[in-house]
Amino acid sequence: MSRVVFSTWRDEFVDNRGKPSDQWSESGFKLPETYDGDTKSKAFIGWDGVAIFDEDIDAVELASQYAAQYQEYSEACGRCAPGRWGGRILYDLLDKIARGEGTHDDVAHLKEVSETMMATSKCEIGKTVPKPILDLMEHYKEQFDTCIDAQQPSKHYGGDTSYIAKVTAPCTDMCPAHVDIPAYIEGVRDMIFTDSLAATRQTMPLAHTCGRVCPHPCEDACRRANLDEPISIMELKRLGADYETDHALPWQ
């Protein structure tokens, strides 16, 4: 349970704005209300929504900073056009609005690009990144409208707020070795088994062994379970290692 001002995390909807603090509803999820010890978080934004802990949050800059972090990742990836160019467009438009130079047409374009990314991106990161942005645009619409109608920067734009970013996935977070699971699964899917093995060995060298005896806590967090059942993440891990052995390839 977490005390939040507002949350759409994992399709939960909590909105305590304008309510006395003793009447607030709590989130059903344990969200990161603090970081680096006892430092209070103002907001948490990620693949499955957004949680706001501070009523004075700048939703426009929050969306812009989130898009900026994704844009850096998407340009490094480049595996699909919607994910790569969509990330660039999201950031450019959100930063334009946050600077006080945006238009309502930019908002419409943001929604269009977001829907395209969610429908056509190659990976789950590209598909899910737009969700919290759309949530902020819908539920903090007045902040976006103020920036556009008054042609003024968002209320904390260019301030001293710090943003801590981490590109990850639920399965990777659950992995004790923090293996880049989406990357090695993509290698298997594309039948580029050397890439799959290289992704595993970035943080965990024992791909042969771990692909057979790992207790696979990652599968407990697999988002595929939302549709049917988790992917066999542990078994997929061994494919790259077995390919290396079967083809007598040198250690990568």
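The values are calculated or read from the model by the stated rules, or taken from the named source; none is laboratory data. Please read these numbers as outputs of a predicted model, since none were measured by experiment. Positions of Cβ are generated from backbone atoms using ideal geometry, with glycine treated the same way; all protein chains shown enter the neighbour counts.
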Given the condition crowded, with 16+ Cβ neighbours inside 10 Å, at pLDDT 95 or above and of a type in the set (A, V, I, L, M), answer yes or no: does some residue in region 108-125 qualify? yes
In region 147-175, anything at pLDDT 85 or above, more than 14 Å from Cys222 (Cβ to Cβ) and among the aliphatic types (A, V, I, L, M) is listed as Ile148, Ala150
Mind checking which residues of region 205-252 are under 21 Å from Ile125 (Cβ atoms) and among the basic types (Lys, Arg)? Arg223, Arg224, Lys237
All positions within region 73-128 that are touching a residue at least 24 places away in the same chain (Cβ under 8 Å) and assigned to a loop (DSSP other than H, G, I, E, B): Arg79, Cys80, Arg99, Gly100, Glu101, Gly102, Thr103, Ser121, Lys122, Cys123
Looking only at region 166-198, which residues are over 14 Å from Ile125 (Cα atoms), among the aliphatic types (A, V, I, L, M) and in contact (Cβ under 8 Å) with a residue 24 or more places away in the chain? Met174, Ala177, Val179, Val188, Leu197, Ala198
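Could we say that Val60 is under 30 Å from Ile192 (Cα atoms), crowded, with 19+ Cβ neighbours inside 10 Å, touching a residue at least 60 places away in the same chain (Cβ under 8 Å) and among the hydrophobic types (A, V, I, L, M, F, W, C) here?
Working: under 30 Å from Ile192 (Cα atoms): no; crowded, with 19+ Cβ neighbours inside 10 Å: yes; touching a residue at least 60 places away in the same chain (Cβ under 8 Å): yes; among the hydrophobic types (A, V, I, L, M, F, W, C): yes.
No: the conditions fail for Val60.
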Suppose we keep only residues that are without any contact (Cβ under 8 Å) to a residue 24 or more places away in the chain and within 16 Å of Leu62 (Cα to Cα) within region 146-158. Which one would you say is surrounded by the fewest Cβ atoms within 10 Å (Cβ to Cβ)? Gly158
Considering only region 47-55, I want to know if a residue exists there that is of a type in the set (A, V, I, L, M, F, W, C), touching a Ser or Thr at 6+ places or on another chain (Cβ under 9 Å), more than 20 Å from Lys127 (Cβ to Cβ) and surrounded by fewer than 23 Cβ atoms within 10 Å (Cβ to Cβ). yes
Looking only at helices (runs of 4 or more DSSP H) that fall completely inside region 166-252, which ones have 2 or more residues that are within 26 Å of the chain's Cα centre (by Cα) and hydrophobic (A, V, I, L, M, F, W, C)? 170-174, 181-189, 193-201, 233-246
Cβ-Cβ below 9 Å, separation at least six or inter-chain, first residue in region 215-243 and farther than 16 Å from Asp195 by Cα, second of a type in the set (S, T, N, Q): which pairs? His216/Ser232; Cys218/Thr172; Glu219/Ser232; Ala221/Thr172; Arg223/Thr128
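Does region 30-55 hold any residues that are assigned to a strand (DSSP E or B) and basic (Lys, Arg), and which are they? Step through it out loud before you land on a result.
Just the residues of region 30-55 that are assigned to a strand (DSSP E or B), to begin with: 34-35, 39-40, 43-46, 49-52.
Lys40 - this is the single residue of region 30-55 that is assigned to a strand (DSSP E or B) and basic (Lys, Arg).
Could you check region 1-29 and list, in sequence order, the residues that are among the small types (Gly, Ala, Ser), surrounded by 12 or more Cβ atoms within 10 Å (Cβ to Cβ) and part of a loop (DSSP other than H, G, I, E, B)? Explain how you work it out, then say what you get.
Initially, region 1-29 is screened for residues among the small types (Gly, Ala, Ser), giving 2, 7, 18, 21, 25, 27-28.
Checking the rest, the ones that are also surrounded by 12 or more Cβ atoms within 10 Å (Cβ to Cβ) come to 2, 7, 25, 27-28.
Of everything in region 1-29, those that are among the small types (Gly, Ala, Ser), surrounded by 12 or more Cβ atoms within 10 Å (Cβ to Cβ) and part of a loop (DSSP other than H, G, I, E, B) turn out to be Ser25, Gly28.
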For region 83-95, check the following and say yes or no: at least one residue is under 17 Å from the mean Cα position of the chain (by Cα) and surrounded by fewer than 18 Cβ atoms within 10 Å (Cβ to Cβ). yes
